[in-house]
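The values are calculated or read from the model by the stated rules, or taken from the named source; none is laboratory data. Just so we're clear, the structure is a prediction, and the values are computed from it rather than from any experiment. Here the Cβ is made from the backbone with ideal geometry for all residues, glycine too, and neighbour counts use every protein chain on show.
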């Protein structure tokens, strides 16, 4: 019988992994914490920031079966109970509530883009079935540019460092129902497959982007890090697992580089080009975005190593400092161009959240249930920090998560 290997102290925000490794976060919630509470604590302020013109990103990372898809809400949102809805459906409802209360729904439209990275190819999950850029579904076995083989999608980097995706559809949504329907269409087209750990394992990284005015909100559900030995992967599934782990390794290397002050200096190298995932997340991780990283872990003792790696990623991510600016539409421009506000706010750290899987079950379909995957979080307020003058030291603007103790080896 599997034993729980993660202990959470809700009062102090402390997390104990195994018997010796202690981590301290701003908030930590137990397995019975409601989805609504996690959203209100971690994400709601980011929606307000998007309405104000800032780019934002929520990124879920962790072992396979640790509750990332449930937490993000990239499963079916139309057919679940309201209290079970994940972050993305709640973001959509919150955004339209704000737009309607401000009377902006007649002046501005909301658009959506839904991409997946499967076997290092970028696919458009909103493209018509059968098109060259459409998603995978169930698996069976100057300007710089990266071309995708046969997908018709290109990742482009502008001279100012902004990352654009050419060839991907942007669908207009005029209501909550429209946008959730697009989420469901893309979720059904996403590449999934059965492994020994998860009957409906996500085999791709998914990026759902909401565009409002000139701001973008990236909501990212990463494929789970996993061991080929534990998943029993062979053939095509083995190739998927290797590719997934390579992309996550590249992400970890980028996070480590951005957390190193010396490599953040002009001329310092950050290896964004090592994977399509890190290219697409380049803005979110080291550029113009307010970013929240959600580290999902399981309480089962047979994933102790995966949990430790996830917590280390979260610890490194807290050292990343972005410089988000307000994106504004250029008035009087026939082309509807976008210019950035001249004054840049203070450097603010990447926000970090920790979600703990509530039971020690193997990651089958049962482990994707609300009871198993509802968890808790640590978070740092970002809206408050963004209003501080740039001269204020970053360490005064935030309460950083820290690893208190980690024995050698």
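Quick one: count up the residues across the stretch 22-44 that are at pLDDT 80 or above, crowded, with 19+ Cβ neighbours inside 10 Å and not in a loop (DSSP other than H, G, I, E, B).
5
Among the residues of the stretch 323-338, is any surrounded by 16 or more Cβ atoms within 10 Å (Cβ to Cβ), modelled with pLDDT of 85 or more and under 18 Å from the mean Cα position of the chain (by Cα)?
yes
Among all residue pairs at least 6 apart or on different chains, which show Cβ distances below 8 Å where the first residue, located in the stretch 232-245, is modelled with pLDDT under 80 and the second is in a helix (DSSP H, G or I)?
Within 8 Å, the pairs are 233/240; 233/241; 237/231.
For residue 290, state whether it is more than 21 Å from residue 223 (Cβ to Cβ) and at pLDDT 85 or above.
Working: more than 21 Å from residue 223 (Cβ to Cβ): yes; at pLDDT 85 or above: yes.
Spelling it out, residue 290 is indeed more than 21 Å from residue 223 (Cβ to Cβ) and at pLDDT 85 or above.
Of the conditions (1) under 20 Å from residue 122 (Cβ atoms); (2) modelled with pLDDT of 95 or more; (3) surrounded by 24 or more Cβ atoms within 10 Å (Cβ to Cβ), residue 211 satisfies every one except a single condition; which number is it?
(3)
Determine, yes or no, whether residue 228 is modelled with pLDDT under 80, surrounded by 21 or more Cβ atoms within 10 Å (Cβ to Cβ) and over 21 Å from the mean Cα position of the chain (by Cα). Walk me through how you get there before you give the answer.
Numbers: modelled with pLDDT under 80: yes; surrounded by 21 or more Cβ atoms within 10 Å (Cβ to Cβ): no; over 21 Å from the mean Cα position of the chain (by Cα): yes.
Taking the combined requirement at face value, the residue does not satisfy it.
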